Amino acid sequence: MSPTAAWLLAGVLLAFLLPILLAFSLPARQLQPSAGADPPSPLFTQVIANQKQSETELDQYERVQRTEVRKTGSDPTPAELKVWRVFPTGTGTAKFELSPDGKPPNLEAYRAQLEKVESYLTWVMQDGSPQKDAYARTERKRKERFELIEATHEAFLFTLDGKETRGDRTLLRYLMRPNPSYRPTTRNTALFTHVQGTLWVDEKTSELAKVDGVVTEDISLALFLAKVYKGSHFMQERYEIAPGIWEPTFEQYDFDGRKFLRPFSIHERTFYSGYKRVGPPSEAIQVVRGELSKLSAETTHP
């Protein structure tokens, strides 16, 4: 498989499997789960509310994303390293490529990207039909993810497995297994029947702190043209990056499978750092303009 094809397939896999990462955050109905229709517990209600808030808040935070691509999951040395500055734009994100030391590799190209983002932010703040359509698409995607999160209280059974300490935090550890009585209603929810794992919830705040999952059966994608093999693994860690704001700081994916008849292997570790609130477009554009002014001053007076 060519590198380009591998990256395209990785995008497809992550588009299907990433919602599962958030779905694991629901230590649902009771500490002693059952297959019945018991009402959600206060813990369930709080965790799902926190998870939705986390996704919403992320739309106003920039961060640095450092992705290490490896040939195998156990390979200690990355075969490829990509670093980006991820900047929210109201309807998505812009990504600025950075060098491994976290700096723009080419200031002129970086300036051009900033100008492009400024132009888009100016556009997206206007009150026209195209802008409303762009926001509507964003909201539909968010609604789909939220519905997927909510569906997991029926898709999984959770068992309290103990407590752990992480720094000064106490985490509740849950085992998560597919609910044998669950009947998927969509292609995405059908994935829930093929994964299991462990999740950790912060005892004090009911925030998701970590999730570790494994694919228990082969998963067919794209009308059976691609398949993710049993044993594929994914993990995410989350920390409080600002008072009351919990976001991902580390993710790892180890996917093996095939596309058509050709095998593929995707092994990535991604670190997120440098979280900084830039706000909605009306505030974010001021951040961009400030950087452009600074770059102009540095060019004029080196």
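Values quoted throughout were computed directly from the atomic coordinates according to the rules given, and no laboratory measurement underlies them. Here the structure is a predicted model, which means the values were calculated and not measured. Glycine gets a Cβ as well: all are built from the backbone with ideal geometry, and neighbour counts include every protein chain shown.
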Review point. So which lysines can LYS276 reach, going by Cα to Cα under 29 Å and dropping same-chain residues fewer than 8 places off?
Key: LYS52, LYS82, LYS95, LYS103, LYS116, LYS132, LYS141, LYS143, LYS204, LYS210, LYS294
Exercise for review: Treat each spin label as a single point 7 Å out from the Cα along the C-beta direction, and report the MET125 to VAL214 distance in nm.
Suggested key: 5.1
Exercise for review: Can you pull the one-decimal nm distance between simple spin-label points at GLU240 and GLU108, each 7 Å off the Cα toward Cβ?
Suggested key: 4.7
Review point. Cα gyration tensor of the range 106-178, axes a ≥ b ≥ c as square roots of the eigenvalues: rounded (a/c below 1.5), prolate (a/b > b/c) or oblate?
Key: oblate
Point to revise | In nm, spacing of pseudo-spin labels at GLN53 and THR186 (7 Å Cα→C-beta vector) | key: 2.4
Point to revise | Estimated translational D of the range 143-222 in µm²/s (Stokes, Kirkwood radius over Cα pairs; 37 °C; 0.692 mPa s) | key: 238
Check your understanding: Quick one: Cα convex hull volume of the range 168-302, Å³ per residue?
Key -> 215
